[in-house]
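J.: Handing you this structure, nothing more for now.
Please treat every number below as a calculation from the coordinates, not as lab data. All values derive from a computational prediction rather than experimental measurement. A quick note on method: Cβ atoms are made from the backbone with ideal geometry, for glycine too, and the neighbour counts reach across all protein chains shown.
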Amino acid sequence: MRDAVTSLIRNYDSTGRYLDRNALDDLKSYFNSGAARVQAAAIINSNAAAIVKQAGLQLFEQVPELIRPGGNAYTTRRYAACLRDMDYYLRYATYALVAGNMDVLNERVLQGLRETYNSLGVPIGPTVVGIQIMKDIVKEQVLAAGIADVAIVDQPFDYMTRELSEQDL
Ligand SMILES: CCC1=C(C)/C(=C/C2=NC(=C\c3[nH]c(/C=C4\NC(=O)[C@H](C)[C@H]4CC)c(C)c3CCC(=O)O)/C(CCC(=O)O)=C2C)NC1=O
């Protein structure tokens with residue numbers, strides 16, 4: 001598992017280089033966004049249950065077939081599994097957000113996920129919609145807390161979305 005700093009150092013060390021202008025610029029921008037990343041993680045942490053619940057309701061409103069007979073989230077067990085997955089995505093998004101690096105998502109979330117979902121008939125499209133809904137809710141809350149740099153929030157959610165969708169082609 002890597003973060004913005006360790007991955008940069010690994011990069012430079014592998015070619016025996018001192019940290020050059022580009023490296024220093026990258027580091028500066030990571031450290032400059034550090035306080036906002038931590039604040040955003042704190043906001044998610046104290047609202048996680050509500051964010052997942054609200055995102056689930058919105059998702060099932062947008063794609064009601066999911067919770068009808070024959071839908072993948074139909075039955076209490078599968079409904080709960082779906083919300084649990086949403087909670088995983090949200091929690092790991094906070095790790096990646098704080099790390100400033102998406103490595104943790106590859107390693108702990110995305111690896112093998114498509115195969116699992118395909119074998120269980122979990123539809124990728126609506127999963128992606130659910131991740132995007134959580135992103136929008138989080139961005140609203142982060143913005144409301146006075147953090148201007150909400151773009152940092154996009155990164156982990158968009159990364160998971162992109163990887164899931166691309167893998168499904
Ligand atoms: C931390 C990394 C991690 C992830 C990501 C993860 C996902 C994950 N989701 C699963 C199931 C599932 N995932 C869903 C999710 C959904 N169904 C829908 O219709 C919606 C679109 C969607 C919710 C948004 C459902 C319903 C199941 C149960 C499927 C079944 O057992 O039939 C399973 C199969 C085993 C189980 O049920 O626990 C895994 C491994 N597990 C992990 O350890």
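J.: Whether any residue in the range 61-68 is surrounded by 11 or more Cβ atoms within 10 Å (Cβ to Cβ), closer than 21 Å to residue 154 by Cβ and within 16 Å of the ligand (Cβ to nearest atom) is what I want to check.
T.: Yes, because at least one residue in the range 61-68 is surrounded by 11 or more Cβ atoms within 10 Å (Cβ to Cβ), closer than 21 Å to residue 154 by Cβ and within 16 Å of the ligand (Cβ to nearest atom).
J.: Given the structure, is residue 96 in contact (Cβ under 8 Å) with a residue 60 or more places away in the chain and among the aliphatic types (A, V, I, L, M)?
T.: On the way: in contact (Cβ under 8 Å) with a residue 60 or more places away in the chain: yes; among the aliphatic types (A, V, I, L, M): yes.
In short, yes.
J.: Okay, next question. Check 56, 100 and return the single one that is among the small types (Gly, Ala, Ser) and within 14 Å of the ligand (Cβ to nearest atom). Outline the logic, then answer.
T.: Details: 100 fails: within 14 Å of the ligand (Cβ to nearest atom).
After ruling out the rest, the residue left standing is 56.
J.: Does any residue in the range 51-63 that is more than 15 Å from residue 84 (Cβ to Cβ) come within less than 7 Å, Cβ to Cβ, of a residue that is part of a helix (DSSP H, G or I) and more than 9 Å from the ligand (Cβ to nearest atom) six or more places away or on a different chain, and which pairs are these?
T.: Taking only residues 6 or more apart or on different chains, the pairs are 54/137; 58/133.
Let's see how each residue does on (1) part of a helix (DSSP H, G or I); (2) among the aromatic types (Phe, Trp, Tyr); (3) surrounded by 12 or more Cβ atoms within 10 Å (Cβ to Cβ):
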{"site": "2", "(1), (2), (3)": "no, no, yes"}
{"site": "5", "(1), (2), (3)": "yes, no, yes"}
{"site": "37", "(1), (2), (3)": "yes, no, yes"}
{"site": "44", "(1), (2), (3)": "yes, no, yes"}
{"site": "71", "(1), (2), (3)": "no, no, yes"}
{"site": "77", "(1), (2), (3)": "yes, no, no"}
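J.: Pick out the one residue from 114, 84 that is within 11 Å of the ligand (Cβ to nearest atom) and without any contact (Cβ under 8 Å) to a residue 24 or more places away in the chain. It would help to see each step written out before you state the result.
T.: On the way: 114 fails: without any contact (Cβ under 8 Å) to a residue 24 or more places away in the chain.
Exactly one residue qualifies, and that residue is 84.
J.: OK, next. Can you name every residue in the range 1-49 that is of a type in the set (Lys, Arg) and more than 16 Å from residue 155 (Cβ to Cβ)? Walk me through it before giving the result.
T.: Taking the range 1-49 first, the residues of a type in the set (Lys, Arg) are 2, 10, 17, 21, 28, 37.
Selection gives 10, 17, 21, 28.
J.: Residue 153 versus (1) β-branched (Val, Ile, Thr); (2) within 28 Å of residue 37 (Cβ to Cβ); (3) part of a loop (DSSP other than H, G, I, E, B): which is the lone unmet condition?
T.: (3)
J.: Inspect the range 79-97 for any residue being surrounded by 15 or more Cβ atoms within 10 Å (Cβ to Cβ), polar (S, T, N, Q) and under 18 Å from the mean Cα position of the chain (by Cα) and give the result as yes or no.
T.: yes
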